[in-house]
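Taken together, the values in this text are just the output of simple stated rules run on the coordinates, not laboratory data. Computed from a predicted model, the values in this text were never measured in an experiment. Every residue, glycine as well, gets a Cβ built from its backbone with ideal geometry; the counts of neighbours run over all protein chains shown.
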């Protein structure tokens, strides 16, 4: 089993940080790279002309490696919402059709479609949050519902951010293909921990940021775009998205046709000298450990916490339905007031999410963290 990687981070022993589903800490190596990058930005005359492109392609390749994609099928974006807006410009959803979303899913894969539905004439169907946590069965039932309008798209998270419920994207993807529907996956809480191979899954779009499970900075994200959609219009019109717009040439607008692949969808001002390398480092670290090894370790920690809380009033979703790295606790009457804040005051950091407590360890956590947290929580519930 992958050992705890606590030594690669700067986390005091008395801090039990179990909130990586909100923000992960940065590895020491990433912090050092960030400081060096600030120095480069302070002295831009030290940068060689090829520097920016090397940074772009290093990050693009690191992101592609995590999902077994070709780098040319991945675009550099700033956030999941930017990625979904990009998809919104690529696709034209016909009137009378429906889009599936998840109840209480994060706002990013939902709001773009809600804002377009009335004017475009399509409908939004919300898959209700299942009491037992079995999101996969609920989504499959919605896809195959008889008498419903034809399904155009499922725009859903692979792991629900609030309860840690995991969706079997292979089964869902197969069901969508049978209906001739498209599949947009917000993989924020999956990539790096739960393996995804786009060559086998063949989704239409996969979007993920770096600031949570990929141990990176805020404001960096990536979108995989299947080649069948790469002729669409980008959200922004950029010079580097065209074949030849050169400031050093005699003719500035030399060739306005788009570049091949997903690079045309790169966000404007992509030259993030500071955060791009930081993002690449975190993704490279996760790839070196491998999703299977990371998932095994984090599943051990969440199972250890769940077992330690057995017999308490905490209600836990069945292990069959939850992600390996997120444990969500429900309580009769809702989350007790002041519980999360009280734990934080003692150095135990978790999150309150939709009247539940969300616990999300990462590779820097160890068995001592799990046991100390259980002991502290049991004193309060």
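Per-residue ellipticity at 222 nm computed for the chain from its helices equals -10500 deg cm²/dmol, with DSSP H segments shorter than 4 residues left out and the rest contributing -39,500 (n - 2.57). What whole-number distance in Å separates the alpha-carbon centres of segment 282-344 and segment 75-131? First find each Cα centre; the distance between them is then 28 Å. Take the Cα of residue 128, step 7 Å toward its Cβ, do the same at residue 315, and the gap between the two points is 1.5 nm.
Relative contact order of the chain: 25 percent, from C-alpha pairs under 8 Å at least 6 residues apart in sequence.
Shown here are the Rg and Dmax of the Cα trace of segment 238-381, at 23.5, 76 Å. Scaling against 2.2 N^0.38 Å puts the C-alpha radius of gyration of segment 38-287 at 1.06. Packing, taken as the mean count of other beta carbons within 10 Å per residue, orders the peptides 329-337, 133-141, 121-129 from highest to lowest as 133-141, 121-129, 329-337. Expressed to the nearest 5 percent, the antiparallel share of DSSP beta bridges inside the chain is 55 percent.
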